[in-house]
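Here's the structure, in structure tokens; my notes come after.
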Amino acid sequence: MNDAASAPTPAPAPRRARVRAPELIGKGGWINTGGKDLKLADFRGRTLILDFWTFCCVNCLHVLDELRELEEKHRDTTVIIGVHSPKFVHEAEHQAVVDAVERYGVHHPVLDDPELATWKQYAVRAWPTLVVIDPEGYVVAQHAGEGHAHALETLVTELEKEHEAKGTLRRGDTPYVAPEPVAGELRFPGKALALPGGTYLVSDTTRHQLVELAADGETVVRRIGTGERGFTDSPARFNEPQGLALLPDGRVAVADTVNHALRVYDPETHEVGTLAGTGRQWWQGAATQGPAREVALSSPWDLAWFADRLWIAMAGVHQLWSYDPVAGTVGVAAGTTSEGLVDGPAGEAWFAQPSGLAAAEDRLWIADSETSALRYVERSSEGDGFAVRTAVGTGLFDFGHRDGDAAQALFQHPLGVTALPDGSVAVADTYNHALRRYDPATGQVTTLATDLREPSDAVLDGDDIVVVESARHRLTRLRLPEEAVRVESVAHRTRREATEVAPGELLLDVVFHAPTGQKLDTRYGPSTRLLVSATPPELLAEGAGAGTDLARRVVLADGVGEGVLHVSAMAASCDDDPANEYPACHVHQQDWGVPVRVTPGGADRLPLVLAGFDADA
């Protein structure tokens, strides 16, 4: 039912602020330009979209895929520039950024900004953030989070018409220069699986294939898939596949990550099918359980068979889901979609981009990458029969390489876990280039091997462990040592500078304007949601919790000098067309983790731009 006639008159669209765009600077230099340094003046006459991203962030990877169609459709009038702004120490390494640009198929210029210089100039507060600059060099819009493709398409089309009429539009070729292709059997492999016949199945992620390797881990037996991005069973096409798991019937389940689907491969017939997913990304408000082929998924990253079902590390929404092959259904198994580290009953737990799974007899191990944590699911009398616990890790902003007692040990963005025969677990400590081990019996973390380049997974082979060295494009066989290698302890916090805020009352102000041609969707009640928490929780004396108002006054507690404010905002808008009884609707969502330092003279308002024109934030 359309109730537009009874709805209040929408507020007029805000006037665009005439703010001159700051220059693009970054000590890391430019990637995908053939060695040429670019300046803002090089883009005068074109619409410029700055994509502030970091390669650990799955939401940033979603945006890369959202931009592909727009990038192609408007390639003669619009230029997309990636501004890589690191969270983790490893992400500040230039070669790591170069690798990530190739790994994720980024086909536009990228500015490597390891010191966050351009991030600060544009007052960015969250990954990902998109900033639109018009052909005359003025900032006209800013959007945080993902899901803005429709709004960007509308704005870019509007800017084309406006500046063509003014004579300020200059059409031309893209400044993108493709890197030289590199030969090799694998290219940024993601996960591996030991098949019963003694061979290995590897997800050759960047080449959109599965590769079966002989027992030596090097010789190619066969390739599965055409090598082109796509979502078809015959011929088989994948889109950046990752996790692999052996099913009880002998087939292999495949996390087809960018297709937001689960595929299945039969090692006997070499046929490919689809188990779950629609090929579209899950959004807030969509079904969270039901027939597997009718429920949307979001960037499934790894898989494991545990407790008579296939568990899915659903990195895109910070949850674990499960697939029941008998019933043919899929649904949420743990997590709320809120990003963070919270233990407890499965339905109340928080994750942060779970990316690795390994089943042991009594628990399911989890590499929770964005919290640099090792966690697990176990059976429990709490909630729905499962509970989530943390073995190692403290939260979103603490990471490093430190062995010893689990309470003090640190990882850096681990992507893989492997259950070992003695009940311990090996951790592919990806950004530390190391293989680590946690022993539940002693509560100790040790280092098994170093000098591995971005290890993303490992599989057992007798007394050996075979590691996927993703950034060296190979499998590496190691002997499991009796004693760990000793390494110097290193601890880090996020590279972002803390925002100075005044003691006492603080206004959290999420700025949201419905994009051009849309209005807030109030047909079924409030169209916005705000969730606020803090690390440590004692930072907030008042104001934590959920609500529907995008502005909230919180009170900072006395005696807590610093911490992180966690803010999660959501707004729903629909196309503003009274003649359309069923307008298309859009969900805008973003989570912020804002480091703050309480100091006299600090700010008493913290603006966070969700979407719209950034005139006064």
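Since every read-out is calculated from the coordinates, none of them should be taken as a lab result. Here the structure is a predicted model, which is why all the values come from computation and not from measurement. Backbone-built Cβ (ideal geometry, glycine too); neighbour counts: all protein chains shown.
Which of VAL254, VAL554 has the fewest other C-beta atoms within 10 Å, and how do the rest follow up to the most? Can you show the working numbers first?
Numbers: VAL254 32, VAL554 22.
By the 10 Å Cβ count, ascending, the order reads VAL554, VAL254.
Note on region 505-552 and region 356-389: Cα centroid distance 30 Å, given to the nearest whole angstrom. Spacing of the modelled spin labels on ASP463 and TYR138, each 7 Å from Cα toward Cβ, amounts to 7.3 nm.
Isolated cysteines in the chain, defined as those with no second cysteine Cβ under 4.7 Å, comprise CYS56. Considering only beta bridges that DSSP places wholly inside region 497-617, some 75 percent are antiparallel.
Roughly what % of DSSP beta bridges within region 1-181 run antiparallel, to the nearest 5? Don't jump to the answer; show the numbers that get you there.
Details: 15 of 25 bridges.
The answer is about 60 percent antiparallel.
From the alpha carbon centroid of region 411-460 to that of region 141-170 is 46 Å. Quick one: Cα centre-to-centre distance for region 25-55 and region 80-116, in angstrom? Here the two parts' Cα centres lie 11 Å apart.
Run lengths n ≥ 4 of DSSP H only: what is the helix-derived mean residue ellipticity at 222 nm for the chain, with -39500 (n - 2.57) per run over all residues, to the nearest 500? Mind dumping the intermediate values first?
Details: 4 runs with 49 residues, N = 617.
Counting only the DSSP helices, I get -2500 deg cm²/dmol.
Taking the DSSP bridge list for the chain and keeping only pairs wholly inside it, about 85 percent are antiparallel. With each label modelled as a point 7 angstrom along the Cα→C-beta vector, the GLU218-ASP324 pair spans 4.8 nm. Between CYS585 and ASP266, the simple spin-label model (points 7 angstrom out along Cα→Cβ) gives 4.2 nm. Mean separation of Cα pairs under 8 Å and 6 or more residues apart, divided by the residue count, gives the chain a relative contact order of 10 percent.
How do THR516, THR257 line up, fewest other C-beta atoms within 10 Å first? Could you put the intermediate results ahead of the total?
Values: THR516 15, THR257 26.
Ordered by Cβ neighbours within 10 Å, fewest first: THR516, THR257.
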